[in-house]
Amino acid sequence: MPNKNISQFNKIAKDNKIIKFIESHGLLLLFLFCFIVYNSNFRIIHSADAIPAKLLPFIILQNHNLYFDHFSSYYDDPYFLVFTKGHYLSLFPIVTPILLTPVYLFGYLYLYFNRGLRST
């Protein structure tokens with residue numbers, strides 16, 4: 001008798017569209033579930049380590065150099081900047097911000113023409 005019940009359950013399960021969807025999209029659903037659980041605290045985790053990576057493409061486009069001299073006064077203790085040979089430079093690697101500079105071009109042009117961002 002128990003085998004008959006199991007076979008009936010398997011037949012019903014195979015006909016169910018939800019189970020077919022879960023079987024065919026299992027990894028995607030697992031990823032979405034983990035992503036939702038990870039972000040469910042609704043808090044933004046801020047780190048000042050990312051500030052040089054965010055600003056460097058704008059500095060390159062505006063000043064054509066790698067110096068954070070204009071931004072050093074905005075922070076009380078800019079531990080992410082190092083003062084060397086009269087200029088502030090990023091303490092963190094600069095390869096990724098340099099490679100992403102073309103992506104920032106559209107935002108820079110918008111700020112340049114609409115918000116009055118001019119070279120100083």
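No lab work stands behind these numbers, since they all come straight from the coordinates. None of the values given here were measured: they were computed from a predicted structure. All Cβ positions, even for glycine, are placed from backbone atoms using ideal geometry, and neighbour counts span all protein chains on display.
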Check: Is segment 71-92 home to any residue that is farther than 22 Å from Leu111 by Cβ, in contact (Cβ under 8 Å) with a residue 40 or more places away in the chain and of a type outside the set (A, V, I, L, M)?
Finding: yes
Notebook entry, point to check: If you take the residues of segment 52-108 that are part of a helix (DSSP H, G or I) and of a type in the set (Gly, Ala, Ser), which of them is nearest to the chain's Cα centre (by Cα)?
Noted result: Ala53
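Any idea how many residues of segment 24-57 are β-branched (Val, Ile, Thr) and under 16 Å from Leu81 (Cβ atoms)? It would help to see each step written out before you state the result.
Taking segment 24-57 first, the residues β-branched (Val, Ile, Thr) are 36-37, 44-45, 51.
Next, only the ones that are under 16 Å from Leu81 (Cβ atoms) stay: 51.
Number satisfying all stated conditions: 1.
Can you say whether Phe58 is surrounded by 14 or more Cβ atoms within 10 Å (Cβ to Cβ) and either in contact (Cβ under 8 Å) with a residue 40 or more places away in the chain or not charged (D, E, K, R) (or both), as far as the supplied structure shows?
Values: surrounded by 14 or more Cβ atoms within 10 Å (Cβ to Cβ): yes; either in contact (Cβ under 8 Å) with a residue 40 or more places away in the chain or not charged (D, E, K, R) (or both): yes.
Spelling it out, Phe58 is indeed surrounded by 14 or more Cβ atoms within 10 Å (Cβ to Cβ) and either in contact (Cβ under 8 Å) with a residue 40 or more places away in the chain or not charged (D, E, K, R) (or both).
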